[in-house]
1. A 28 angstrom limit on the alpha carbon distance is what I want to check against. Which of Lys114/Lys143; Lys64/Lys183; Lys114/Lys139; Lys128/Lys152; Lys139/Lys183; Lys143/Lys183 exceed it?
2. Where Rh denotes the Kirkwood radius from the mean inverse Cα pair distance, what is Rg over Rh for the chain?
3. Using Cβ contacts closer than 10 Å as the measure, can you line up Phe167, Phe16 from fewest to most?
4. Hand me the chymotrypsin sites (Phe, Trp or Tyr not before Pro) from the stretch 103-156 located in a DSSP loop with no more than 13 other Cβ atoms within 10 Å, in residue order please.
5. To the nearest 20 debye, what charge dipole does the chain have about its Cα centre, counting +1 at the Cβ of each Lys and Arg and -1 at the Cβ of each Asp and Glu?
6. How large is the convex hull of the C-alpha atoms of the stretch 44-107 per residue, in Å³?
7. Can you list the aspartates and glutamates whose alpha carbon sits under 18 Å from that of Lys87, skipping same-chain ones fewer than 8 residues off?
8. Test of understanding: what is the full-extension gain from Ile137 to Ser83, defined as 0.36 nm times their sequence separation minus their Cα-Cα distance?
Amino acid sequence: MNITRRGFLKLSGAAFAAGALSDFVGQSTALAAEPLEWRLADVKETPSICCYCAVGCGSICSVKDGELINMEGDPDHPVNRGSLCSKGSAQFQLRNVYDPESGDLILNPYRQTKVRYRAAGASEFEDKDWDWAITEIAKRVKKTRDESFETKDSNGVTVNRTEAIGFLGGAGLDNEECYLVQKLARAVGVTYIEHQARI
């Protein structure tokens, strides 16, 4: 079949027009489906800070009916302006995961919600309550401090310190909290004070 260039252009234009008009004939299947409900409708949004590193990126926690249903970067936060790294984007999975079989959102079955304690020499962990854990930590800090506290060094200089305890700060703390924790550590006599940003 012999076709000229002008004929080819006319034929191409007619085929394009016929294809475009066919979308308007009859009802589109896309318009016939039920509209989906927006997942974040009627949620309470609370700003928070990412828990993974010392950068302190802002995130928004979306809560619906008392359940956390979404976490995303906070676009109004001056540090990250809405972006999150791969760890920050996955922090939602600390609490919730999607069930691989049903696809439903469920509580993370591996998330620890109780104090787990294993006594020295024991092979099994046991559940303890928070009051017991806080009291036990305080007793052990005091015992370690009392046993290792130095008032003077080898040169006779007053030092008032303990070198048996170290303190590690975390990214979830703001400046004011870091200041108070630093004051507490210094008051106890801790000299080894570090922050996870430098590790």
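Any read-out appearing in this document is the output of simple, stated calculations on the displayed coordinates, not a laboratory observation. Note that the structure is a prediction, hence the values are computed from the model and not measured. So basically every Cβ, Gly included, is an ideal-geometry build from the backbone, and we count neighbours across all protein chains shown.
1. Values: Lys114/Lys143 25 Å; Lys64/Lys183 39 Å; Lys114/Lys139 20 Å; Lys128/Lys152 39 Å; Lys139/Lys183 20 Å; Lys143/Lys183 20 Å.
The pairs that break the limit, which is 28 Å between Cα atoms, are Lys64/Lys183; Lys128/Lys152.
2. Details: Rg = 30.5 Å, Rh = 23.7 Å.
Computed over Cα atoms, the ratio is 1.29.
3. Working: Phe167 16, Phe16 10.
Fewest to most other Cβ atoms nearby, the residues stand as Phe16, Phe167.
4. Values: sites: Tyr110, Tyr117, Phe125, Trp130, Trp132, Phe149; in loops: Tyr110, Phe125.
Listed in order of number, the matching sites are Tyr110, Phe125.
5. Values: 24 positive and 28 negative charges, 165 e Å.
With Lys and Arg at +1 and Asp and Glu at -1, about 800 debye.
6. On the way: hull volume 5.2 nm³, N = 64.
Given the Cα convex hull of the stretch 44-107, per-residue volume reads 82 Å³.
7. Lys87 reaches Glu72, Asp74.
8. Numbers: separation 54, 0.36 × 54 = 19.44 nm, distance 3.72 nm.
Between Ile137 and Ser83, full extension yields 15.7 nm more.
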